[in-house]
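In what follows, a structure is listed as structure tokens, so that the remarks can point back to it.
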């Protein structure tokens, strides 16, 4: 009769053989997904057709500042500054602009001026609209308005080195910017199938981008918007490795396998994965 440890090892070995076969069969596919922009040609200028300006959306928080050479004229149109303490925030104490929240109908409420349509406009367009209201209403003849996004953030998840939520200080951020902030895609992440989830106009859309080709620049999802979620899927190698680890854990519980046996199987899985990963980079 064979003991439990022998049976466990035989079953694990069979699984490793199957996994190794699948992984080696996918080497060609994995190798193709390692490099970015594989079809790009150096020193060959191309026109940028996908010009993008970020549009204001409901639930955005905007910093609106009205300026004039006559400070006393601009004061009634500005919200007061709020102070904050730097303790536990990772930044020094100071003050910041109170935000104007864009309501569900797309409006902000300006002091004195009342409701102004904001959704669907760029920062520059909204600033111009407010300046015209101030001038035409006889409030300020030399009004200069500045608009800032105060809550522009994105989330980067999956096979990146530093997944998490990132606050954007600019209103122009690309897919490559997001991946760079997250420390780039790991060796076990797919570059040819990056998911972007976007909510806009009461609808949620999911797009898949291929960063291995320059066609990614033409995607309407290449330039990111407020609250976009970017997900990098794992390669088949990573999935296979997780399958082996999961199997080892289940079998360890079922057969009462020793920790030495469990470690041996996991070591085999890691060795196979490392070998395949090395081969895909050749």
Distance from region 122-157 to region 209-241 (C-alpha centre basis), Å: 32 Å
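Could you give the alpha-carbon Rg of region 122-202 over 2.2 N^0.38 Å, rounded to two decimals? Don't skip to the answer; put the middle values down first.
Values: Rg = 18.9 Å, N = 81, 2.2 N^0.38 = 11.7 Å.
Cα Rg divided by the expected 2.2 N^0.38 Å: 1.62.
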Segments 223-236, 153-166 sorted - mean Cβ within 10 Å per residue, highest first: 223-236, 153-166
Separation of the residue 153 and residue 214 label points, Cα + 7 Å toward Cβ, nm: 3.7 nm
Residue 162 paired with residue 43, simple spin-label distance in nm, labels 7 Å along Cα-to-beta-carbon: 3.5 nm
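If packing is taken as the average count of other Cβ atoms within 10 Å, what order do 57-65, 99-107 fall into, highest mean first? It would help to have the intermediate numbers written out before the result.
Details: 57-65: 17.7, 99-107: 15.8.
Final packing ranking: 57-65, 99-107.
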Rounded FRET efficiency, nearest 0.05, which uses the C-beta distance separating residue 79 from residue 142 and R0 of 22 Å: 0.60
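Could you rank the peptides 176-182, 138-144 by their average count of other C-beta atoms within 10 Å per residue, with the highest value first?
Values: 176-182: 17.7, 138-144: 14.7.
With the highest mean Cβ count within 10 Å placed first, the list reads 176-182, 138-144.
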Label-point gap, in nm, between residue 177 and residue 51 - each point 7 angstrom along Cα→Cβ: 1.8 nm
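A short reminder: the numbers here are calculations on the coordinates, not readings from a lab. Just so it is clear, the structure is predicted and the values come from calculations on it, not from any experiment. Every residue, glycine as well, gets a Cβ built from its backbone with ideal geometry; the counts of neighbours run over all protein chains shown.
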